[in-house]
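Data first, discussion second: the structure below is written as structure tokens.
The values are calculated or read from the model by the stated rules, or taken from the named source; none is laboratory data. Only a predicted model underlies this, so the values are computations on that prediction, with no experimental measurement involved. Heads up, the Cβs are rebuilt from the backbone with ideal geometry, glycines too, and the neighbour counts pull from every protein chain shown.
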Amino acid sequence: MNQDITFNDLGLNEKILNSIKKAGFVKPSPIQAQAIPIVLAGYDMVGQAHTGTGKTAAFSLPVLNNIDTKNGVELLVITPTRELATQVSDEIYKYGKDLGVKTVTIYGGSSYNRQIEQINKGASVVVATPGRMLDLLKKGVLKNFTPTTVVLDEADEMLDMGFLDDIQEIFKYLPKQRQTLLFSATMPEPIKKLANKILKEPQFVSITQGETTNKDIKQLYYVIDENERDVAILRLIEAENPEKAVVFCRTKSETDRLSTILMQNSLLAKPLHGDMAQREREQTIRAFKNGDIDILVATDVAARGIHVDGISHVFNYHIPFDAESYVHRIGRTGRAGSKGKAITLLTPLEFKELKRIKQKVKTDMELAFIPTKNDIKENKKKELVDDILNQHIFEDAVNILDMLKEEIDEEQILLKLISYALKDYSIKGPNYIGIPKEKLVAILERANKKTNDNKRGRRFSRRRGSSSNQNRRGRRR
């Protein structure tokens, strides 16, 4: 793809180009550059791209380009969660407000009557979760609901959340003559079958080039003993100092336990899982967005609603069970062109899972070693030096220095001030965490030798089997 391409080259009209300029976009992302001309031309499309690549603009800008606000609902977007529905709706509103486009968000837990009234009053765009959308269609309460473009956003997440049947039923109520766009980070078999069923001769756009992870995400794994998970997470959070982070756990009870441990260590953390009431879940995500908490400890399903910019780190407390979960997890970071880091903890017994994910996702995951207490102390010293060098000098500092000089000499003042800055800082846990490099190399060599021996054994068995078959055929002759 031409790196110099601009929004002016994509065939969008002046009004949309002005909206793009107001939104602060400089040049299209790869998915936007490839998808916008296809959508403008009216084709159905399958777009494979990870979260945070600009998919909303990729489908909404060309649809808004051709929208007629007198025709009622022309764009229907179906998303897996109410949080994502709200985010997508807000973004489309931003692009369409100067065009007089009215956007309505539809999800469960809100008033039916109000949502029906908003749609029937002349909405041009509806962004909905599957359950509530299907309810409204079944009730037959929407007037002239004939969207010309229908978008399935995060289709694989909807599959994981059990919405596939609802989605297929929704399409029974929609016009046969329509443009359908499907976006998904991964393409499991049920999504491929769905695409074949609801799309007509679609164009395919993939910015993954055989990979489903984001190049802006640095991926690391640390090999530990099973009993070191808690101290390893604490040490890595301390070393990385994330702006916003999500720690993924396998079970609800694990999220509660680990979030408690993090809070006991003075970290602003909260759990997020399916047993929480919807209101509590929304409050937690809102607090995370607003910066009232820095770390979410979440299960996979609960985290489907996390579409928050500014997540600098994702931690896998356990390696996920499959490649799709891994892609979804790390897709929470490295969004919209920002850099992110994905960190996975695993034991030597989990090397097979690691290898399977690396092969399926076709990604580079780098082996790293957990920093020791001394490593962190040295880094903190350097940070403190930088902070002091860059510190603005306040007017009162001069007066305080004069007061101190009356009591002690300048060198003592400096040493005491530095000690004051260091006094509340202590590093918890053992000095060394994780399997030492020498021991790990030996474990990896044994694992590779075993794999190679197994391969040779299988080849030898096949050769013997082939030879035996030939002998048997010879005897029959």
Considering only residues that are crowded, with 19+ Cβ neighbours inside 10 Å, over 22 Å from MET187 (Cβ atoms) and not hydrophobic (A, V, I, L, M, F, W, C), which ones fall in the stretch 311-332? HIS313, ASN316, TYR317
Does GLY54 qualify as being at pLDDT 90 or above and assigned by TED's automatic domain parsing to the domain that holds LEU142? no
Cβ-Cβ under 7 Å pairs, at least 6 apart or on other chains, the stretch 385-401 side outside the structural domain of LYS416 (by TED's automatic domain parsing), far side surrounded by 10 or more Cβ atoms within 10 Å (Cβ to Cβ) and among the small types (Gly, Ala, Ser): none
Where in the stretch 231-304 are the strands (runs of 3 or more DSSP E), entirely inside, with at least 2 residues that are out of contact with any strand residue (DSSP E or B) (no Cβ under 6 Å at 6 or more places or on another chain)? none
Please indicate, with yes or no, whether at least one residue in the stretch 16-24 is in a helix (DSSP H, G or I), surrounded by fewer than 22 Cβ atoms within 10 Å (Cβ to Cβ) and either free of Cβ contacts under 8 Å to residues at least 40 places away in the same chain or touching a Ser or Thr at 6+ places or on another chain (Cβ under 6 Å) (or both). yes
Being among the polar types (S, T, N, Q) and in contact with a Lys or Arg (Cβ under 9 Å, 6 or more places away or on another chain) is the filter here; which residues of the stretch 104-120 pass it? THR105, SER110, GLN115, GLN118, ASN120
Which listed residue is at pLDDT 90 or above, within 22 Å of the chain's Cα centre (by Cα) and outside any helix (DSSP H, G or I), from VAL73, VAL77: VAL77
Would you mention how many residues in the stretch 110-129 are assigned to a loop (DSSP other than H, G, I, E, B) and free of Cβ contacts under 8 Å to residues at least 24 places away in the same chain? 3
What residue, among those in the stretch 25-43 that are in a loop (DSSP other than H, G, I, E, B) and of a type outside the set (Ser, Thr, Tyr), is surrounded by the most Cβ atoms within 10 Å (Cβ to Cβ)? PRO28
Hey, among the residues in the stretch 305-332 that are over 16 Å from GLU243 (Cβ atoms) and of a type in the set (Phe, Trp, Tyr), which one's nearest to the chain's Cα centre (by Cα)? TYR326
Does THR260 fit the bill of being β-branched (Val, Ile, Thr), surrounded by fewer than 22 Cβ atoms within 10 Å (Cβ to Cβ) and touching a residue at least 24 places away in the same chain (Cβ under 8 Å)? no
Would you confirm whether or not the stretch 99-106 contains a residue that is among the basic types (Lys, Arg) and closer than 20 Å to ARG82 by Cα? yes
Counting just the residues of the stretch 124-134 that are among the small types (Gly, Ala, Ser) and surrounded by 23 or more Cβ atoms within 10 Å (Cβ to Cβ), which one comes out nearest to TYR107 (Cα to Cα)? ALA128
